[in-house]
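These notes are about the structure you will find just below.
The values are calculated or read from the model by the stated rules, or taken from the named source; none is laboratory data. Note that the coordinates shown come from a computational prediction; the quantities given were computed from them, not determined experimentally. Please note: Cβ atoms are built from the backbone with ideal geometry, for glycine as well, and neighbour counts cover all protein chains shown.
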Amino acid sequence: MKDTLKSFQKLLEILDELRVKCPWDRKQTFDSLRSLTIEEVYELSDAIINRDWDKIKEELGDLLLHVVFYAKMADEQGKFNITDVINALNQKLIYRHPHVFGDVKVSGEQEVLDNWEKLKLQEKNKKDKSVLAGVPKSLPSLIKAYRMQDKASHVGFDWENKRDIWQKVKEECAEFEQELEKGDKQKAQQELGDLLFVIINAARLYGLNPDDALEFTNQKFYNRFTYIENKLRQQGKSITQASPEEMEQLWEEAKKLENNDQQ
């Protein structure tokens, strides 16, 4: 613990010096760092997906720098400092874990999550906010849909029988198909959104993360498609010179290789 505190103090001292002596660090603001912070989170996400532990360590450091940087700028403006940030987090963790720091009894993980959302709602009600207020508007749409559905479920707004959602999936699929046949692109796009939303909800009900699922398929497509490109390149061809039949054959080869690797 002493080493951790010493290292954290060193980081604060380094940033203090950078804000004074480095032209780039000195000019940064909340607005200029915001997009960079988002980029750092995605870089951390990539490292986690790849299980690149050295990269995960590096990206966590970059994120920590951003946290400290924001707190430093706020301190300069007399708003709050890094100690205030940590104290607020400590208070929140204790308040939202009454089953650990209080006398509340829970039966398992699901009850912990339900209590967490209820406690958050009590905090928000003091500020007259919605259950969904904690879902950032700038989240990617797929993740946002999942988080909104998840938050609503913790306060009782959910399907009583998860199997009933499949009828809703069929209904939304039929409505989407109808609008496509009518040629109404705007309505078709709206129906597509409804279909995607209910599929995401179905995934949630069955304990699946749709973002992880889609990322798995994205990576699978990437691996297969680049396999096609590499094989064609070995044959002295570009992908634009290959026939659909050739590409399909190489696609199937890539699938077989995947299956062999998984066995």
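Could you tell me whether residue 217 is under 27 Å from residue 50 (Cα atoms) and not charged (D, E, K, R)? Spell out how you get there, then give the answer.
Working: under 27 Å from residue 50 (Cα atoms): yes; not charged (D, E, K, R): yes.
Here the answer is yes, as residue 217 does meet what is asked.
State whether one or more residues within segment 4-20 are modelled with pLDDT of 95 or more, of a type in the set (Ser, Thr, Tyr) and closer than 21 Å to residue 82 by Cβ.
yes
For the subset of segment 22-38 comprising residues that are surrounded by 10 or more Cβ atoms within 10 Å (Cβ to Cβ) and not aliphatic (A, V, I, L, M), which member is farthest from the chain's Cα centre (by Cα)? If you could, list the steps in order and put the result at the bottom.
Residues of segment 22-38 that are surrounded by 10 or more Cβ atoms within 10 Å (Cβ to Cβ), as a first pass: 22, 25-26, 28, 30, 32-34, 36-38.
Next, from what is left, pick out any that are not aliphatic (A, V, I, L, M): 22, 25-26, 28, 30, 32, 34, 37.
On the way: 22: 33, 25: 28, 26: 31, 28: 26, 30: 22, 32: 22, 34: 16, 37: 14 Å.
Within segment 22-38, the match that is farthest from the chain's Cα centre (by Cα) is 22.
Do we find that residue 158 is assigned to a loop (DSSP other than H, G, I, E, B) and closer than 23 Å to residue 113 by Cα in this structure? Quick ask: steps written out before the conclusion?
Numbers: assigned to a loop (DSSP other than H, G, I, E, B): yes; closer than 23 Å to residue 113 by Cα: yes.
For residue 158, the condition - assigned to a loop (DSSP other than H, G, I, E, B) and closer than 23 Å to residue 113 by Cα - is met.
Restricting the search to segment 204-226, which residues are assigned to a helix (DSSP H, G or I), touching a residue at least 40 places away in the same chain (Cβ under 8 Å) and under 14 Å from the mean Cα position of the chain (by Cα)?
Let us first name the residues in segment 204-226 that are assigned to a helix (DSSP H, G or I), namely 204-205, 210-226.
Pick out the ones that are also touching a residue at least 40 places away in the same chain (Cβ under 8 Å) and you get 204-205, 210-211, 214-215, 219.
Answer for segment 204-226, where residues must be assigned to a helix (DSSP H, G or I), touching a residue at least 40 places away in the same chain (Cβ under 8 Å) and under 14 Å from the mean Cα position of the chain (by Cα): 210, 211, 214, 215.
Yes/no per residue for (1) loosely packed, with under 13 Cβ neighbours inside 10 Å; (2) in contact (Cβ under 8 Å) with a residue 40 or more places away in the chain; (3) under 30 Å from residue 209 (Cα atoms); (4) of a type outside the set (Val, Ile, Thr):
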position	(1), (2), (3), (4)
2	yes, no, no, yes
7	yes, no, no, yes
20	yes, no, no, no
45	no, no, yes, yes
82	no, yes, no, no
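Could you tell me which residue of segment 223-263 is surrounded by the fewest Cβ atoms within 10 Å (Cβ to Cβ), considering only residues that are within 26 Å of residue 50 (Cβ to Cβ) and β-branched (Val, Ile, Thr)?
226
If we scan segment 95-118, do we find a residue that is surrounded by 13 or more Cβ atoms within 10 Å (Cβ to Cβ), among the charged types (D, E, K, R), touching a Leu at 6+ places or on another chain (Cβ under 8 Å) and modelled with pLDDT under 85?
Yes; the residues of segment 95-118 include at least one that is surrounded by 13 or more Cβ atoms within 10 Å (Cβ to Cβ), among the charged types (D, E, K, R), touching a Leu at 6+ places or on another chain (Cβ under 8 Å) and modelled with pLDDT under 85.
Can you tell me which residue in segment 183-203 is surrounded by the fewest Cβ atoms within 10 Å (Cβ to Cβ), limited to those that are assigned to a helix (DSSP H, G or I) and among the charged types (D, E, K, R)?
Looking only at segment 183-203, we keep the residues that are assigned to a helix (DSSP H, G or I), and these are 185-203.
From what is left, the residues that are among the charged types (D, E, K, R) are 185, 187, 191, 194.
Working: 185: 10, 187: 15, 191: 20, 194: 15.
My answer is 185.
In segment 47-80, what count of residues is obtained for those that are among the small types (Gly, Ala, Ser) and under 27 Å from residue 212 (Cβ atoms)? Quick ask: steps written out before the conclusion?
Residues of segment 47-80 among the small types (Gly, Ala, Ser): 47, 61, 71, 74, 78.
Now drop any that are not under 27 Å from residue 212 (Cβ atoms), which leaves 47, 61.
Qualifying residue count, segment 47-80: 2.
Out of (1) outside any helix (DSSP H, G or I); (2) within 28 Å of the chain's Cα centre (by Cα); (3) of a type outside the set (Phe, Trp, Tyr), what's the single condition that is false for residue 237?
Of everything listed in (1) outside any helix (DSSP H, G or I); (2) within 28 Å of the chain's Cα centre (by Cα); (3) of a type outside the set (Phe, Trp, Tyr), residue 237 misses just condition (2).
Just to be sure, is residue 37 in a helix (DSSP H, G or I), within 14 Å of residue 67 (Cβ to Cβ) and at pLDDT below 95? Give the steps one after another, and end with the answer.
Numbers: in a helix (DSSP H, G or I): yes; within 14 Å of residue 67 (Cβ to Cβ): yes; at pLDDT below 95: yes.
Criteria met by residue 37.
Among the residues of segment 47-67, write down those that are in contact (Cβ under 8 Å) with a residue 24 or more places away in the chain and more than 21 Å from residue 136 (Cα to Cα). Give the steps one after another, and end with the answer.
Pass one, segment 47-67, residues in contact (Cβ under 8 Å) with a residue 24 or more places away in the chain: 49, 63-66.
Those that are in contact (Cβ under 8 Å) with a residue 24 or more places away in the chain and more than 21 Å from residue 136 (Cα to Cα): 49, 65.
Out of 88, 174, 145, report the one residue that is in the same structural domain as residue 41 (by TED's automatic domain parsing) and either among the hydrophobic types (A, V, I, L, M, F, W, C) or under 25 Å from residue 207 (Cα atoms) (or both). Before you say what the answer is, go through the steps one by one.
Working: 174 fails: in the same structural domain as residue 41 (by TED's automatic domain parsing); 145 fails: in the same structural domain as residue 41 (by TED's automatic domain parsing).
The match here is 88.
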